[in-house]
Each structure stands twice: as structure tokens, then as C-alpha cells.
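The values are calculated or read from the model by the stated rules, or taken from the named source; none is laboratory data. All figures in this text were calculated on a predicted structure; none of them were measured in a lab. With ideal geometry, Cβ positions are generated from the backbone for all residues, glycine too; neighbour counts draw on all protein chains shown. Surface areas here come from the heavy atoms of the whole protein model, side chains and all, with no ligands, DNA or RNA. Shrake-Rupley method; radii C 1.70, N 1.55, O 1.52, S 1.80 Å.
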Amino acid sequence: MLTSYLSAALRAFVTHKQHFLLNVFGLAVGLAAAILMALFARFEASVDAHQPHFEHTYRLSQHFREMGVNAPITNYYAAQEVAKNGAVEDIFALKMHPRLSGDFSAHGNYYKMKDLFATGTNITDFVALDVLFGDLQRTLSAPNRIALSEHEAIRIFGQANAIGETLSKGQTTYTVTAVFADLQDNTHFAFSGLVAMQDENPNYQLNNFYVYVRFAADADIKAEQARFAEAYPELVYPDQSLGFVTLSFEHLPGIHLHSDSRYELKENGSYTVVLISFSLSILLIVLAAFNFINMSIAQSAKRAKEVGVRKALGASKA
């Protein structure tokens with residue numbers, strides 16, 4: 001039976017090459033487009049799913065009601081204080097600072113540094129980093145040391161292994177003591193350089209941190225959010241009226257598709273676009289299949305007419 005089917009298919013191909021190729025080409029193009037759409041949707045949905053403990057990690061975000069502005073930039077010290085009496089396992093922050101932006105000099109040349117942050121040694125508990133050269137923990141444990149991404153090291157020093165090189169800004173000189181691999185594309189994190197976060201007296205007026213909190217696996221997230229939402233404004237905005245700011249949690253894997261603040265580390269995606277892409281992939285498969293079937297049926301009808309004429313003229317199966 002299978003042999004006869006294959007023989008019939010081969011005869012049809014030899015007899016109607018153009019029709020066969022057109023049919024297969026249409027099906028292939030439709031399936032290829034559907035696969036590309038599905039891969040894009042899968043990539044967008046997988047952002048930050050590779051980070052350590054991503055299931056239990058949330059970013060703090062503020063909503064200023066009167067201004068109608070969402071800002072993922074919060075106060076690290078206040079978050080630390082509130083976290084003391086809850087189910088928080090660890091807290092991590094990326095700090096923006098004026099001294100970490102602008103022109104840096106190296107070997108007599110000036111380089112514009114972007115996406116340079118201060119952070120703590122626990123960054124690897126929240127962000128998947130591949131350290132290529134040097135010691136990241138040592139770098140983030142002392143002042144005047146800097147860790148660069150591989151791309152930045154090559155851009156400034158011409159080589160990835162830039163350990164021992166120096167960067168200067170004003171009267172401060174930083175020594176490169178670590179180089180890490182460039183961050184993956186499927187993450188909302190965006191930084192090309194890291195320095196140690198200095199110990200400072202808590203200042204609850206500084207809203208220049210991206211703060212991430214990891215909760216215990218059995219934590220009641222709704223209860224923790226309610227606790228943070230009540231205690232945080234009392235520390236940071238004691239003179240403001242109730243409801244001036246609302247604090248919320250953003251689940252780490254959902255930041256890329258669901259957060260639309262203009263203060264993001266980099267441009268985010270859109271959940272709506274992912275849904276449209278997924279829907280289009282299904283639609284393309286259906287259309288490609290219908291097109292293939294329709295063209296095959298049309299060819300079969302033509303073949304049936306030909307067989308009928310031959311039988312009328314006395315042709316046999318042989």
C-alpha cells in the first residue's frame with residue numbers, strides 16, 4: 001500500500017513539477033513564518049527566566065498618584081529596614097550615582113561610560129553573571145575598583161583581559177579587577193560596569209536604587225506587599241498625605257512584558273505583541289495547511305477527470 005502511494009506521488013511530481021513545487025513552497029513559507037513568530041514569542045516570554053531564584057524575586061516599584069508616574073526606582077535603605085521583620089531572604093540593589101556617569105579617561109583618551117552602577121557582593125545571587133577574568137567579589141568589596149563587561153573592556157582597552165588597567169574620573173582612579181561576559185539579550189538588566197556600593201548612613205530621601213527582594217519559598221507575597229506598601233511610605237515620605245505613593249512588587253520574569261516605566265534599565269517588550277505573535281503563528285499554520293489542501297484537492301479533481309476520460313476510452317488499471 002505504501003509503495004503504491006509513493007509511486008503515485010512520484011508520478012504526480014514528474015507529471016506536474018511546477019504545481020508540486022508551488023504547493024510545497026507555499027506550505028514551507030507558511031510554516032517557516034509561523035515558526036519564526038513562535039520563536040519570537042517564546043524568546044520574549046523567557047526573559048529573566050534564567051536568573052537565580054527568579055521564581056521568588058520581585059522588584060520594588062513606586063506609583064506617584066498625583067503625577068500618574070510609575071517608577072521602578074526606590075530607596076534601598078528604607079527597603080532594608082522594612083525587610084527586617086518579614087519573610088525576606090535577601091535584598092539587592094543597583095545604585096545610580098552622578099559620579100558614575102560622564103567621561104572617564106584611559107591612556108590619554110576619554111570614553112563616555114553608560115550603564116555604570118554601584119552594587120553589592122550579592123549581585124550573583126540575583127543576576128546570572130559569567131566572570132571571565134578577575135574576582136568580582138573582591139571588586140565589589142572595596143572602593144576604587146571596577147568590573148567591566150567584555151564589550152566595554154574591548155572598547156576601551158582593546159582586549160577582553162583588561163585586569164590591572166585603570167580608568168580615571170576627576171581625582172578618582174579605578175582599577176579594573178574583574179571582567180564579566182556581556183549580559184544575555186533575554187534579560188531586563190542592563191549594565192556595562194560595576195563598582196562597590198559604599199557604606200553610608202541611611203538616607204531615606206534617596207530614590208536612586210533599583211531594588212530587588214527575594215522572598216522565602218513559602219512567603220505570603222500579598223501579605224508582604226501589603227506590609228511594604230504600608231511601612232515604606234512612612235519612612236520615605238513622612239510628610240506626605242496618605243496615598244501620595246503606592247509601593248508594589250513586580251515579579252522578575254514579568255518585568256520585561258508588563259512594566260512600561262520610562263525609567264527602565266532598557267526598553268521593555270509588550271505582552272500584547274507576544275499574544276499577537278503567538279496568534280499569528282497559529283493563523284499562519286492554518287492558512288498554510290488550507291492552501292496546501294486546496295491546491296492538492298484541485299489537482300486531484302483534475303486527475304479524477306483525466307482518469308474518467310481514460311476509463312471511458314476503455315483504459316484498464318494496468
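Could you check how many residues of the range 139-156 are in a loop (DSSP other than H, G, I, E, B) and within 25 Å of the chain's Cα centre (by Cα)?
Going through the range 139-156, the residues in a loop (DSSP other than H, G, I, E, B) turn out to be 140-144.
Next, from what is left, pick out any that are within 25 Å of the chain's Cα centre (by Cα): 140.
Total satisfying the criteria: 1.
Tyr263: in contact (Cβ under 8 Å) with a residue 40 or more places away in the chain, closer than 22 Å to Phe117 by Cβ, among the hydroxyl-bearing types (Ser, Thr, Tyr) and open to solvent by 60 Å² or more (accessible area, probe 1.4 Å), yes or no?
Values: in contact (Cβ under 8 Å) with a residue 40 or more places away in the chain: yes; closer than 22 Å to Phe117 by Cβ: yes; among the hydroxyl-bearing types (Ser, Thr, Tyr): yes; open to solvent by 60 Å² or more (accessible area, probe 1.4 Å): yes.
Taking the combined requirement at face value, the residue satisfies it.
When you scan the range 139-159, do you find a residue that is closer than 28 Å to His251 by Cα, open to solvent by 40 Å² or more (accessible area, probe 1.4 Å) and not aromatic (Phe, Trp, Tyr), even just one?
Scanning the range 139-159 turns up no residue that is closer than 28 Å to His251 by Cα, open to solvent by 40 Å² or more (accessible area, probe 1.4 Å) and not aromatic (Phe, Trp, Tyr).
Of all residues in the range 166-207, those satisfying the criterion of being open to solvent by 30 Å² or more (accessible area, probe 1.4 Å) and under 22 Å from the mean Cα position of the chain (by Cα) are Asp182, Leu183, Gln184, Asp185.
Between Leu206, Leu183, Leu242, Leu194, which is hydrophobic (A, V, I, L, M, F, W, C), within 22 Å of Gly120 (Cα to Cα) and at pLDDT below 90? Write out each step before concluding.
Details: Leu183 fails: at pLDDT below 90; Leu242 fails: within 22 Å of Gly120 (Cα to Cα); Leu194 fails: at pLDDT below 90.
Residue meeting the stated conditions: Leu206.
Residues that are at pLDDT below 80 and either surrounded by fewer than 14 Cβ atoms within 10 Å (Cβ to Cβ) or not in a loop (DSSP other than H, G, I, E, B) (or both): does the range 44-55 have at least one? No, there is no match, as no residue in the range 44-55 is at pLDDT below 80 and either surrounded by fewer than 14 Cβ atoms within 10 Å (Cβ to Cβ) or not in a loop (DSSP other than H, G, I, E, B) (or both).
For the range 175-200, enumerate the residues that are touching a strand residue (DSSP E or B) at 6+ places or on another chain (Cβ under 6 Å), without any contact (Cβ under 8 Å) to a residue 40 or more places away in the chain and either over 30 Å from Gly254 (Cβ atoms) or of a type outside the set (Asp, Glu) (or both). Thr175, the sole residue that qualifies. Can you find even one residue in the range 80-88 that is surrounded by fewer than 19 Cβ atoms within 10 Å (Cβ to Cβ) and charged (D, E, K, R)? Yes, there is a match, as at least one residue in the range 80-88 is surrounded by fewer than 19 Cβ atoms within 10 Å (Cβ to Cβ) and charged (D, E, K, R). Looking only at the range 245-260, residues that are surrounded by fewer than 15 Cβ atoms within 10 Å (Cβ to Cβ), of a type outside the set (D, E, K, R) and outside any helix (DSSP H, G or I) come to 1 in all. The residues in the range 108-121 that are modelled with pLDDT of 90 or more and open to solvent by 10 Å² or more (accessible area, probe 1.4 Å) can be counted, and the count is 7. Among the residues making up the range 213-232, those that are in contact with a Leu (Cβ under 7 Å, 6 or more places away or on another chain) and either without any contact (Cβ under 8 Å) to a residue 24 or more places away in the chain or outside any helix (DSSP H, G or I) (or both) are Val213, Ala229.
Please specify each residue of the range 153-183 satisfying the condition of being touching a Lys or Arg at 6+ places or on another chain (Cβ under 9 Å) and within 30 Å of Ala49 (Cβ to Cβ). Across the range 153-183, the qualifying residue is only Ala178.
Among the residues of the range 122-138, those identified as open to solvent by 60 Å² or more (accessible area, probe 1.4 Å) and assigned to a helix (DSSP H, G or I) are Asp125, Gln137, Arg138. Per the listing Leu275, Leu235, the residue uniquely among the aliphatic types (A, V, I, L, M), exposed (fewer than 14 other Cβ atoms within 10 Å of the Cβ), in a helix (DSSP H, G or I) and at pLDDT 85 or above is Leu275.
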